[in-house]
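Structure record follows, encoded as structure tokens.
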Amino acid sequence: MSDDRDAWLGAAERALRAAPPTALLAAAGELLAKYVQASEVTLLLADYGLTVLQPVTRLPHTGEQVPVREGAPAGRAFSAEAPIVEVTSEPGIVIAHLPITVRGDRLGVLSVRLPEPVKGAPRVLELAAFATAFGHELIVAERDTDLYLQARRRRRLTLAAEMQWQLLPGRGFSRPEVTLGGHLEPAYAIGGDNFDWSTSDDFLTVTVTDGQGHGIDAALLTNLAVNALRNARRAGIGLEDQACLADQAVYAEYGGKRYAPSLLLRFDLATGRAQAVDAGSPQLFRLRDDTVRRVPFEAQMPLGMFEETDYRLQSFEALPGDRLVIVSSGVHGSPTEGRDAFGERALQEIVAATRMSSAHETARAVVDGLIQHHGGHELPQDAAVVCMDWRGRPS
């Protein structure tokens, strides 16, 4: 990239940081008009179900939704996490659809209508860098305005779902050693299921929690369990003691009447060696050498079922090229009237069939398969899926 490109990108980043939270899109439009002669800039945000991209306009009105999976250029850019240049019917004019992804978390697409770049790919890469900078500012802006969270909604979230989505670390994360993608369903009425992750220089911790019950009761239970695990983790204690302290917190509140099955995993980023505490029903599947198998752990008591439960660590290893998929009981044990449970075999088939897809798309494919199993209807139970692609630390 030339010095001139570096200069304008630097100036653009400063201008985006200075813009009011609700004026990010207007600032982006002015910057792109000035530097690349853009005539129109549209921000499309992924809805909670990851089925459509919704234009951000003056709320409560939004523009026409763009399906993620029906071949639309913006939808392809989002799914593939790669820029797509659409040739328009207007001579010399193209629309660059730029995925907005921040550290592996897919937010949406920035669509820019502009004169066809004379120099080809370098202009597209330059715009992609701008979209990434825009995404970083978008995440910061969401702390101070409801605009972007409102724009993501196809319909109203239940209060329990509002609590659960706010509890998440994001829906994706990436660093050199690993990429994660996660999804919750039913997206607009999720209650008890949740996932969480955190990374340091040396370790990655991932948890999936399956809060018992439905609605607000389940959301309150899961909020307590997840925050108890975070509090213990941030105190710097080991994985088994994280489980013990969270167990005590849940039991102290509910006295064993309600509990939170959870799976806790901690990966050494340098070696792939991992520790696990299986405190309930979430399960781990591993795709290695085109074979999908469940990784068995010794089942221990769910968090909060009994007072002062002692949890034991188990070990396994992630190898470069492994794909790990964690699912809550709403996936692997989901009952359907007149049918068998979704089950291990269906999971294995979906994970094997999507081995060439991204971690994000595989997580979504598992949920899609589950919805199809239920006849295309909203799920009767909460479901959480986390997909991890393990690359290992470069030597």
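The values are calculated or read from the model by the stated rules, or taken from the named source; none is laboratory data. On a predicted model such as this, the values are computed, not experimentally measured, just so you know. Using ideal geometry, Cβ is built from the backbone for each residue, glycine included, and neighbour counts are taken over all protein chains shown. Ligands, DNA and RNA are stripped out before the accessible areas are found, and what is left, the full protein with its side chains, is counted by its heavy atoms. Shrake-Rupley method; radii C 1.70, N 1.55, O 1.52, S 1.80 Å.
Here Glu81 meets the list (1) under 19 Å from Gly181 (Cβ atoms); (2) open to solvent by less than 10 Å² (accessible area, probe 1.4 Å); (3) touching a residue at least 60 places away in the same chain (Cβ under 8 Å) almost entirely, failing just condition (2). Exactly one residue among Ala219, Ala232, Ala243 is under 24 Å from the mean Cα position of the chain (by Cα), small (Gly, Ala, Ser), in a helix (DSSP H, G or I) and surrounded by fewer than 24 Cβ atoms within 10 Å (Cβ to Cβ), and that residue is Ala232. Given the condition under 22 Å from Thr179 (Cβ atoms), of a type in the set (D, E, K, R) and in contact (Cβ under 8 Å) with a residue 12 or more places away in the chain, answer yes or no: does some residue in the stretch 253-268 qualify? Within the stretch 253-268, one or more residues are under 22 Å from Thr179 (Cβ atoms), of a type in the set (D, E, K, R) and in contact (Cβ under 8 Å) with a residue 12 or more places away in the chain. From the list Phe316, Phe285, the one residue that fits, being in contact (Cβ under 8 Å) with a residue 24 or more places away in the chain and more than 28 Å from Arg106 (Cβ to Cβ), is Phe316.
Of all residues in the stretch 361-386, those that are in contact (Cβ under 8 Å) with a residue 40 or more places away in the chain and under 14 Å from Leu347 (Cα atoms) have Cβ atoms under 7 Å from Cβ atoms of residues that are crowded, with 18+ Cβ neighbours inside 10 Å and of a type in the set (D, E, K, R), 6 or more apart or on another chain, in Val367/Glu185; Ala383/Glu185; Ala383/Asp193; Ala384/Asp193. Scanning the stretch 158-183 for residues that are touching a helix residue (DSSP H, G or I) at 6+ places or on another chain (Cβ under 7 Å) and among the aliphatic types (A, V, I, L, M) gives Leu159, Ala160, Met163, Leu167, Leu180. Of all residues in the stretch 321-334, none are farther than 30 Å from Glu378 by Cβ, charged (D, E, K, R) and without any contact (Cβ under 8 Å) to a residue 40 or more places away in the chain.
Applying the selection to the stretch 10-69, what residues are under 20 Å from Asp146 (Cβ atoms), out of contact with any strand residue (DSSP E or B) (no Cβ under 7 Å at 6 or more places or on another chain), open to solvent by 40 Å² or more (accessible area, probe 1.4 Å) and assigned to a loop (DSSP other than H, G, I, E, B)? Of everything in the stretch 10-69, those that are under 20 Å from Asp146 (Cβ atoms), out of contact with any strand residue (DSSP E or B) (no Cβ under 7 Å at 6 or more places or on another chain), open to solvent by 40 Å² or more (accessible area, probe 1.4 Å) and assigned to a loop (DSSP other than H, G, I, E, B) turn out to be Pro20, Thr57, Arg58, Leu59, Pro60, His61. Looking only at residues in the stretch 313-332 that are touching an Asp or Glu at 6+ places or on another chain (Cβ under 7 Å) and modelled with pLDDT of 95 or more, the one that is farthest from Arg286 (Cα to Cα) is Leu313. Restricting attention to the stretch 266-277, the residues that are more than 11 Å from Phe316 (Cβ to Cβ), of a type in the set (A, V, I, L, M, F, W, C) and in a strand (DSSP E or B) add up to 1.
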